[in-house]
Every structure is written in C-alpha cells, then in structure tokens.
Amino acid sequence: MRTFRAPRGTRDLLPGEAARFLRFAEIARGLTDRYGYRPIETPLFEQAAVFERGIGEVTDVVEKELFRIVPRTEDGESWALRPEPTAGIARAYVQHGLRTWPQPVRLTTTGPMFRYDRPQAGRYRQFWQFDVEAIGDAGPAIDAEIIELGLRFYAEVGVKGAEVLLNSIGDPACRPAYLDALVAYYRDHAASLPPTERDRLERNPLRLLDSKDPAMAAINAAAPRIVDHLCQACAEHLAGLRAHLDALGVGYRLEPGLVRGLDYYTRTAIEFYVAGREGQQQALGGGGRYDGLIELLGGQPTPGIGFGLGLDRVALVLDEQAEGDPSGAEADAAGGPPDAPDAVVVSADPADTVGRLRTATELRAAGLRARADLGHRKLGRQLESAGRDGAHFAVILGDELTDGQVQLRDLKAGSQRLVGVADLPRELKRGTSQHRHGTRDSS
Ligand code: AMP
C-alpha cells in the first residue's frame with residue numbers, strides 16, 4: 001500500500017505544537033490590538049504579478065522561490081502562493097481604496113507563507129509569519145513604533161535577548177549616486193566575485209551587500225556604505241528614527257550592510273536577531289519602509305512600513321533557550337499541559353454513553369473544559385486515560401446518580417468525594433483553579 005507523507009519542507013503541527021503557534025498568534029493579536037493595528041486577511045494566493053512587482057523580479061523570493069500554481073483553466077491568469085504578506089496587503093489597500101480611511105492604516109495578519117526554498121533547519125517551504133503594516137505615514141515616529149512593537153512581541157512570547165539591527169537604504173533621490181559608487185567599487189573587485197554575484201552586479205547591485213557567500217564577506221566589509229551617501233532628507237529621517245527610539249529607551253544596532261535591494265524599498269531597513277546569532281539563516285524577523293510600493297501596484301504614491309516575524313524561528317529559539325533553563329519558561333508544571341481538560345466524565349457502566357455525553361455537555365455549557373469518555377471500556381481504563389490526558393478531575397457516574405450525586409475524583413491528589421450533580425460546575429471551577437494556582441482543597 002502506498003503511504004503518504006507531508007510534502008518536503010512542510011511539517012504537521014501536532015496538537016502541542018499547534019497550540020504553541022496559536023499562543024504566538026494570540027499574543028500577536030493582543031499586542032496589535034493594544035497598539036491599534038487591525039486584523040486583515042488576504043488570500044493565500046494572488047496573481048503572480050502582485051509578487052513579481054510587489055517584491056521585485058530580481059530577488060531570490062521571486063526568481064527561485066515563488067510557488068507558482070498551475071491553473072486548470074486556460075484564462076491565462078498566473079497565480080502564486082504568497083511568499084510574504086506585504087504585497088497582498090498593499091494590493092488590498094489599493095483595490096479597496098483604503099487611502100480614504102484615516103491614515104495611517106495600521107494592519108496586521110498572522111498566517112502561513114510559502115517559498116520554494118531548499119529546506120533546512122529553520123527554513124521551510126511553508127512557514128508562519130506575524131506581520132504588521134502601517135500604510136500612509138512617512139515616519140519616522142511610526143518606524144519607531146513598529147520596531148518597539150516587534151521587540152515587545154519577542155519579550156512577550158519569552159524570547160530572551162532579541163535585538164534589532166537598523167539601517168537606512170536611502171531613497172530615489174540619493175540611492176542612484178550611491179549605486180554608482182557601489183558598482184564602481186565592485187567592478188574594481190570583479191575578478192574576486194563569484195559568478196552569481198557578478199550577475200547581480202549588473203542586475204541589482206545592492207543585493208551584493210547581503211550576499212550569503214562567505215567569499216563576499218571581506219569585499220563587502222570594505223564597500224562604500226549607504227549611510228555615508230544619504231541625502232539630507234534621508235539622513236534626517238534616520239536621525240529622527242534614532243531620536244524616537246532613544247526616547248522610548250529602545251536599543252538598536254546600526255548595521256550598514258543591511259539592505260532591501262529594491263527601488264521601492266526606502267530608508268528604514270530592520271532585522272531582528274537574538275544577540276550573538278546574527279547571520280542570514282538566523283533572522284527572527286525583518287522589515288522596512290516601502291514608500292514606492294503602493295504606487296507600483298497602481299495606487300497613489302503612499303508611504304508605508306512593516307515587518308514579518310517568523311514564528312517557526314521563534315519556536316526554535318524558545319526550544320534552544322529552554323534547554324539551558326530547567327525552569328522551562330513555557331511549561332505549565334503545576335497545571336499539566338495547558339490544553340488539559342478540567343474534567344473527564346467516566347462511567348461505571350461501560351454501556352452508558354448517554355449519561356456521560358449529557359453530563360459533559362452540561363459542564364461545557366457551564367463553561368468548563370469537559371471531555372466525555374465515549375468508549376465501552378471498563379471504569380479503570382477510562383480513569384487511566386483521563387489521567388494520561390492530564391485531566392484535573394474525573395466525574396464518575398455510578399449508582400449514586402439515582403440520588404442526584406456523582407463521585408468527583410481529584411486525579412492530581414488521588415482523593416475522591418460525593419458531589420451533587422447541581423454543584424458540579426461550581427466544584428470543578430473551584431478545584432481546577434486551585435490546581436492551576438498550586439493550592440490544595442482544604443474542605
Ligand atoms: P523575509 O521577508 O525574508 O525578511 O522574512 C522575514 C522572516 O520570516 C525571516 O526573518 C524569518 O524569520 C522568516 N522566514 C523567511 N523565510 C523563511 C523560511 N523559508 N522558513 C522559515 N522562516 C522563514
């Protein structure tokens with residue numbers, strides 16, 4: 001028989017891991033809500049041209065990594081799965097005329113992205129991003145707002161030592177002269193450039209600066225720096241951003257080699273790292289200003305800035321950091337697994353599924369997390385599996401039910417007592433809250 005596996009570069013998030021990603025998304029949601037970023041959902045696929053224009057044709061993401069969808073119809077439309085959310089959100093901003101809303105429009109989304117990349121540790125073909133975009137404000141105060149928001153997200157999910165690298169990549173006024181200087185510099189070193197980099201020199205010279213090729217490290221270190229070539233407006237923007245970050249007490253590191261190699265990316269470029277783990281494969285998140293993007297997608301000239309934070313990388317870093325920390329930042333040692341049921345309803349009569357289902361239904365209606373054991377196993381086996389689930393209590397239906405009572409078994413303490421059915425919700429709420437807070441029932 002043929003067996004099936006998840007496609008290469010993808011993975012199943014089984015319940016523990018899926019709950020963890022949900023927790024990240026909930027933290028992201030709570031945080032963005034406080035900051036006034038409103039949720040937006042765009043399709044997981046778009047016309048491929050949205051990405052080709054919105055990310056740029058001369059990028060790895062579009063040239064090599066775009067997941068193209070082969071349509072079944074012959075209408076000639078070409079689609080692709082989204083490799084990042086910004087282009088789709090910018091498309092939606094233009095399509096729905098969001099420029100008539102109060103500006104800036106602050107938006108956020110969290111979901112899967114797709115890149116046909118070579119899979120390796122921390123690099124998947126389907127991965128998750130938490131994304132924010134602020135469209136319609138040229139900054140620099142808003143740039144500081146989102147940088148601080150990104151760092152706060154890492155702090156709230158429990159990543160230790162996250163920091164932000166910062167650069168300005170100029171704008172269409174000052175970048176051309178800088179690019180001339182850069183091209184002249186690399187031409188002088190043409191003999192030492194690897195072939196792929198020589199190709200980039202002609203097509204998109206800025207990209208050489210963030211080359212992953214080790215042969216480029218020394219050449220890049222001595223290359224002209226864009227921060228030394230900024231026009232006055234861009235220099236003032238960067239100084240303004242730094243002043244706002246300083247005022248918020250947000251630390252950052254200037255990184256002259258950090259670039260987003262496309263014309264409509266302007267000024268602010270940021271990347272998030274855990275200190276000491278800088279390197280292309282290790283980025284926790286990245287973003288920047290894209291003052292030319294909306295126009296490129298058919299809208300009025302509109303400034304914007306955003307970031308995408310990789311949640312798979314957050315999970316990896318949390319695992320690594322937990323290894324050296326036995327207190328297990330994420331584990332809920334006192335209360336068992338965070339998604340453990342408050343109660344499992346079991347029965348002394350293996351045939352009585354109606355009673356168990358009805359009792360569990362009533363407990364759920366009262367707001368409890370209650371699972372009914374709906375098998376036909378003996379009571380002992382039902383209790384065993386309730387324990388394995390990490391349930392706090394077992395509600396045992398037996399002969400006492402005729403008097404309106406059940407046995408309430410505290411699976412953590414191993415104790416058991418009779419409780420009236422009508423009192424069950426109250427007793428369970430009290431008991432599970434005591435478990436979660438590590439206190440014992442003294443009654
Ligand atoms: P980028 O748009 O390439 O700057 O990506 C933003 C963030 O998404 C990165 O810093 C990573 O954390 C994450 N990311 C990008 N590509 C992948 C991938 N293939 N697998 C997992 N995470 C990724």
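No value in this document is a laboratory result; all are computed from the given coordinates. The model shown is predicted, which means the values in this text are computed figures rather than measured ones. Cβ sites come from the backbone with ideal geometry, for glycine too, and all protein chains shown count toward neighbours.
Some points to look at:
- For the range 359-377 versus the range 386-419, the gap between their alpha-carbon centres in whole angstrom: 12 Å
- Taking the charge dipole of the chain about its Cα centre, with +1 at Lys and Arg Cβ atoms and -1 at Asp and Glu Cβ atoms, the residue from T108, M1, A239 reaching farthest to the positive side is M1.
- Chymotrypsin sites (Phe, Trp or Tyr not before Pro) restricted to DSSP loop in the range 127-207 with at most 10 other C-beta within 10 Å: none
- This model, with +1 at the C-beta of Lys and Arg and -1 at the C-beta of Asp and Glu, gives the range 343-436 a dipole about its Cα centre of some 480 debye.
- Between helix 424-436 and the chain there is an angle of about 50 degrees, using the helix long axis and the longest principal axis of the Cα atoms.
- Cα coordinate range in the range 55-139, projected on the principal axes (Å, largest first): 41, 38, 24
- Along its principal axes, the chain has C-alpha extents of 90, 56, 48 angstrom, given from the largest down.
- The range 74-142: relative contact order in percent, alpha carbon pairs under 8 Å with at least 6 residues between: 31 percent
- Annotation for the range 14-114: GluC sites (Glu not before Pro) lying in DSSP loop with at most 15 further Cβ atoms inside 10 Å of their Cβ are E41, E57, E74, E77.
- Helix 353-365 vs. the chain, principal-axis angle (Cα, 0 to 90°, nearest 10): 50 degrees
- The chain - Cys residues lacking any other Cys C-beta under 4.7 Å: C234
- Restriction of the trypsin sites (Lys or Arg not before Pro) in the range 44-124 to DSSP coil positions whose beta-carbon has at most 12 other beta-carbons within 10 angstrom yields K64, R72.
- Using a cutoff of 8 angstrom between alpha carbon atoms and counting only pairs six or more residues apart, the relative contact order for the chain works out to 13 percent.
- Averaging 1/r over every pair of different alpha carbons in the range 343-436 and inverting the result gives a Kirkwood radius of 12.8 Å.
- Spatially close lysines, pair count over the chain: Cα under 29 Å, gap of eight or more or interchain: 5
- Farthest positive-ward along the chain dipole, Cα basis, beta-carbon charges - from Y185, P205, P350: P350
- Helix 232-248 vs. the chain, principal-axis angle (Cα, 0 to 90°, nearest 10): 30 degrees
- From its DSSP helices (H runs of at least four residues, each -39,500 (n - 2.57)), the chain gives a residue-normalised ellipticity at 222 nm of -11000 deg cm²/dmol.
- Of Q382, L151, G249, farthest towards positive along the dipole that unit charges on Lys, Arg, Asp, Glu beta carbons give the chain: Q382
- Distance histogram in 10 Å bins (all Cα pairs of the range 92-231, percent per bin): 9, 24, 31, 30, 6, 0
- Electrostatic dipole magnitude of the range 16-92 [Cβ: Lys, Arg +1; Asp, Glu -1; Cα centre; debye, to 20]: 440 debye
- Assigned charges on the beta-carbon of Lys, Arg, Asp, Glu; the chain dipole about Cα centre (debye): 880 debye
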